[in-house]
Amino acid sequence: MRLKEKVAVVTGAGSGFGQGIAETFAREGARVALLDINERAAKEAAAKIGSRAVAIGCDVSKKTDVDAAVRAVASAFGPPDILVNNAGVSHRNRPMLEVDEAEFDRIFAVNVKSVFLLAHAVVPLMRQSGRGVIVNIGSTAGLRPRPGLVWYNASKGAVNLLTKAMAIELAPDRIRVCALAPVAGDTPLLPTFMGGDTPELRAKFIASVPLGRLSTPQDVAHAALFLVSDEAEFLTGVVLEVDGGRCI
């Protein structure tokens, strides 16, 4: 098993990419904390995994929630070896000026501020352990943006870049920081990205992917597993495109 006895924290783990990552890490031997604002969804996902998982309700945009969640993880399993910042939201696909300030603030709070808050909570513990791996879930939206998603694109561009900045600063602590940049996936967020969910909209999005399909939670989970494994021990600052060729 590639993650035997490692402790992993995965945010937004109640569904979609996060759930796929948590399940895959657990199969590879990790003890996994599933954090999600929807505590019921996190508990259902953790129940499928079994005793190697714990569910914790957490709004990753709030410092009090994040700090309490990380304390709960440390109490249940010990200090985290792995952190996957997966939680994310988007505005509905529409013209940029139709997105109001409150929605803009929420997008940056969940997609970007959460990385800041989790770093403050987890990095000191990783420093004490002498090593760790952080994987931020960015997006192809931050590399090859689509119209109608301007503010979401910007938030993911920030995640992609802050990954590189974190990597260079934390390298002396033996903490690796990488990111994944998935193309749109068949997850609960897909209708938001597309501005609806019709066969025509799906066909339009799929047509932009050279390999001819959307990403899946397992695609992203396999890539995340590689980045947090010992096989990737010399990789840091990498933004790995899981996109079927979308960014070519």
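So how strong a dipole does the chain carry about its Cα centre when Lys and Arg Cβ are +1 and Asp and Glu Cβ are -1, to the nearest 20 debye?
Numbers: 28 positive and 26 negative charges, 56 e Å.
Here the size comes out at about 260 debye.
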Fill in the blank from the handout: Around residue 215 (Cβ within 10 Å, Cβ-to-Cβ, excluding residue 215; K/R +1, D/E -1) the net charge comes to -1
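Grab the other residues whose beta carbon is less than 9 angstrom from that of residue 58, score K and R as +1, D and E as -1, and report the net. Please report the intermediate quantities before stating the final value.
Working: positive: 62; negative: 36, 39, 59, 65.
Combined, the nearby Lys, Arg, Asp and Glu give -3.
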Problem - Rg(Cα)/(2.2 N^0.38 Å) for the chain, N = residue count - result: 0.95
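Before anything else, pin down the relative contact order of region 7-242: Cα pairs under 8 Å, at least 6 apart, normalised by residue count, whole percent.
Values: 483 pairs, mean separation 49.3, N = 236.
That works out to 21 percent.
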Completion exercise
Over the chain, the sum of -39500 (n - 2.57) across DSSP H runs of at least four, divided by residue number and rounded to 500 deg cm²/dmol, gives at 222 nm -13500 deg cm²/dmol
Completion exercise
Taking a crude spin-label model, label points 7 Å out from Cα along the C-beta direction, the residue 75 to residue 102 distance in nm is 3.3 nm
Fill in the blank from the handout: For the residue 4, residue 94 Cβ pair and Förster radius 30 Å, calculated FRET efficiency rounded to 0.05 is 0.05
Fill in the blank from the handout: Assertion target for 64, 236, 140, ordered by fewest C-beta neighbours within 10 angstrom first, is 64, 236, 140
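Note the full-extension length gain between residue 120 and residue 229 as 0.36 nm times their separation in residues minus their Cα-Cα distance, in nm to one decimal. The partial results should precede the final answer.
Details: separation 109, 0.36 × 109 = 39.24 nm, distance 2.30 nm.
This chain segment gains 36.9 nm when fully extended.
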Exercise for the section: Compute the signed sum of charges (Lys and Arg +1, Asp and Glu -1) over the other residues within less than 10 Å, Cβ to Cβ, of residue 77. Expected result: +1
Problem - Rg/Rg_globular for region 108-244, with Rg_globular taken as 2.2 N^0.38 Å and Rg from C-alpha atoms - result: 1.11
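Can you list which of the GluC sites (Glu not before Pro) found in region 1-46 are DSSP loop residues with at most 13 other C-beta atoms within 10 Å?
Numbers: sites: 5, 23, 28, 39, 44; in loops: 5, 28.
Passing both the DSSP loop test and the Cβ count: 5.
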Exercise for the section: Can you give me the span-like helices of the chain, meaning DSSP H runs with 27 Å or more of Cα extent along the axis and Kyte-Doolittle mean at or above 0.0? Expected result: 150-170
Completion exercise
One checks the Cα atoms of region 33-91 and finds Rg and Dmax, in Å, of 11.4, 36
Problem - For region 76-147 versus region 1-40, the gap between their alpha-carbon centres in whole angstrom - result: 16 Å
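Read the figures in this text as sums done on the coordinates, not as results from a lab. This one's a predicted model, so the numbers in the text were calculated from it and none came from an experiment. With ideal geometry, Cβ positions are generated from the backbone for all residues, glycine too; neighbour counts draw on all protein chains shown.
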